[in-house]
Amino acid sequence: MIPGLDGLRAIAFLLVYALHTDYLQIGWIGVQFFFVLSGFLITGILLDMKKSLPPRDYFSKFYGRRFLRIFPLYYFYLLLMSGVAVGLIAIAFRPNYMKLFLEQTKYAVFYVYNFFFATKFFVQSNFLDHLWSLSVEEQFYIFWPLLIMLVPEKALKKLFIAFIVLGPILRLGLFLLHQSGAFRFLVDPAPWFIYPLPFSHIDAFAFGAYLSRYSIPHAKKQFFLLSGLLPVIGFTSQYIATGKFGMLSAFGFPLFLGEGYMFIWGYSLLNYFFAVTLCAVAKEGLFLRLLDWKPMQYLGKISYGLYVYHLPIIWFATRVRDFGLPELQTRILILLIASPATLLVAAASYHWMEKPILNLKDRLFPLKPSKESKSAVVVTAE
């Protein structure tokens, strides 16, 4: 197990949670952090499997193990929320909102919700909105294992750097496509179109992939330097673009980096910062006492469930606004209801559903090659 990894997952989720409970406007960067972490973990797994398994087992075992990790909870959630929506329609509680969710669920079922998110047909649904990032992850899994298998070990560094460079170029290309007006069904403004697409996050995955085999020099020093510089860069660039500094809780990086051309280079900057953070933790031991603290480790362990369940729970908790309480009391009450509820649901999901299924991974898709596979390798080598 990589030191501090579960703690980093916990921090990534807490950032997203702080955004969705309206406490931290820059909390959306937690998703960027998840992408960097995924690139790191998945690439490391793939490279280890490439060395130890024949090609047939490489693909079947990777996708088999991913299936057991991702699909059961994901489709259980969609089924559960569909049942909740049907029940609420039956008692006439927000029926139009529930029907909207049911109409949009088909995009989530096929992991294309992020593409739907980028169109003018998209209408916000707190039961589905957060699933766009899981669509991006699944789309990453489609082509990345094949690339890792085909590219020789000695060319991996060039591959990772090429994708890091490609990220902002693709975002610029998507921006120009949006500005051309050739496709009128694309959502406005441009950053809302660019942000949910998988091409826009290729450098986040690539930064993580790079760290699976290589290091960033002086990562700890860079972490502290960038921690001070990032807000300065954010506030300065936002002031240049808009003539105002914006919200303090966004550190000058508004939602989706929506001012000027900031989203083209801004994601690269944030992704690099998270890569530096990951390197400083995993390879230089930064903040390990905090990150390996048992509560942080546990939050990281159940972070997938926390992410999947948290947004609808927050939405239900916000119904307390209907009582007309003062805003401060309402915000505190929402947090007091949503936080333990999210934790309890995610913990129950992990222990009663996810963990028993995860225990099947080594039984159904063991990472050690079978006797038959070993024989095949020997024959091929001869």
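The values are calculated or read from the model by the stated rules, or taken from the named source; none is laboratory data. Treat the numbers as computed from the prediction; the structure is a model and nothing was measured. So basically every Cβ, Gly included, is an ideal-geometry build from the backbone, and we count neighbours across all protein chains shown.
Structure notes:
- Candidate set from segment 325-370 (those that are of a type in the set (Gly, Ala, Ser) and touching a Gly at 6+ places or on another chain (Cβ under 9 Å)); member that is surrounded by the fewest Cβ atoms within 10 Å (Cβ to Cβ): ALA348
- Filter result for SER268 (surrounded by fewer than 19 Cβ atoms within 10 Å (Cβ to Cβ), at pLDDT 95 or above and closer than 14 Å to ILE29 by Cα): yes
- Options VAL165, VAL136: the member that is modelled with pLDDT of 95 or more and farther than 24 Å from GLN104 by Cα: VAL165
- Residue match in segment 165-173 (condition: within 30 Å of HIS310 (Cα to Cα), without any contact (Cβ under 8 Å) to a residue 12 or more places away in the chain and not hydroxyl-bearing (Ser, Thr, Tyr)): no
- Condition met for MET296 (part of a helix (DSSP H, G or I), surrounded by 13 or more Cβ atoms within 10 Å (Cβ to Cβ) and under 21 Å from the mean Cα position of the chain (by Cα)): yes
The rows are residues; the columns are (1) of a type in the set (D, E, K, R); (2) more than 25 Å from PHE199 (Cβ to Cβ).
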{"site": "GLY7", "(1), (2)": "no, yes"}
{"site": "LEU15", "(1), (2)": "no, no"}
{"site": "VAL36", "(1), (2)": "no, no"}
{"site": "LEU47", "(1), (2)": "no, no"}
{"site": "SER60", "(1), (2)": "no, yes"}
{"site": "GLU103", "(1), (2)": "yes, yes"}
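- Across segment 178-203, the qualifying residues are those that are within 14 Å of ILE264 (Cβ to Cβ) and among the aliphatic types (A, V, I, L, M), and the one among them that is surrounded by the most Cβ atoms within 10 Å (Cβ to Cβ) is ILE194.
- Taken over segment 311-335, the residue count meeting the criterion of being assigned to a helix (DSSP H, G or I) and either in contact with a His (Cβ under 8 Å, 6 or more places away or on another chain) or of a type in the set (A, V, I, L, M) (or both) is 10.
- Looking across segment 26-69, the residues that are over 30 Å from LEU14 (Cα atoms), surrounded by fewer than 18 Cβ atoms within 10 Å (Cβ to Cβ) and either within 13 Å of the chain's Cα centre (by Cα) or among the hydroxyl-bearing types (Ser, Thr, Tyr) (or both) come down to SER52, SER60.
- The condition of being of a type outside the set (D, E, K, R), surrounded by fewer than 16 Cβ atoms within 10 Å (Cβ to Cβ) and under 30 Å from VAL16 (Cα atoms) holds for only one of ALA155, ALA162, that being ALA162.
- Residues satisfying the stated conditions in segment 89-113, i.e. without any contact (Cβ under 8 Å) to a residue 12 or more places away in the chain and in a loop (DSSP other than H, G, I, E, B): ILE91, ALA92, PHE93, ARG94, PHE110
- For segment 77-88, the criterion of a residue being surrounded by 12 or more Cβ atoms within 10 Å (Cβ to Cβ), hydroxyl-bearing (Ser, Thr, Tyr) and not in a loop (DSSP other than H, G, I, E, B) is satisfied by at least one position.
- Hits in segment 134-145 - residues which are surrounded by 12 or more Cβ atoms within 10 Å (Cβ to Cβ) and not small (Gly, Ala, Ser): LEU134, VAL136, GLU137, GLU138, GLN139, PHE140, TYR141, TRP144, PRO145
- Screening the candidates ALA376, ALA338 for the property of being assigned to a helix (DSSP H, G or I), out of contact with any Asp or Glu (no Cβ under 8 Å at 6 or more places or on another chain), modelled with pLDDT under 90 and among the hydrophobic types (A, V, I, L, M, F, W, C) yields one hit, ALA376.
- Meets criteria (part of a helix (DSSP H, G or I), within 22 Å of PHE127 (Cα to Cα), basic (Lys, Arg) and at pLDDT below 95) for ARG363: no
- So TYR58, is it touching a Pro at 6+ places or on another chain (Cβ under 8 Å) and over 30 Å from PHE273 (Cβ atoms): yes
- Only residues that are more than 23 Å from ILE42 (Cα to Cα), without any contact (Cβ under 8 Å) to a residue 60 or more places away in the chain and assigned to a helix (DSSP H, G or I) were counted across segment 115-162, and they come to 1.
- Residues within segment 150-165 that are among the aliphatic types (A, V, I, L, M) and touching a helix residue (DSSP H, G or I) at 6+ places or on another chain (Cβ under 6 Å), tallied: 2
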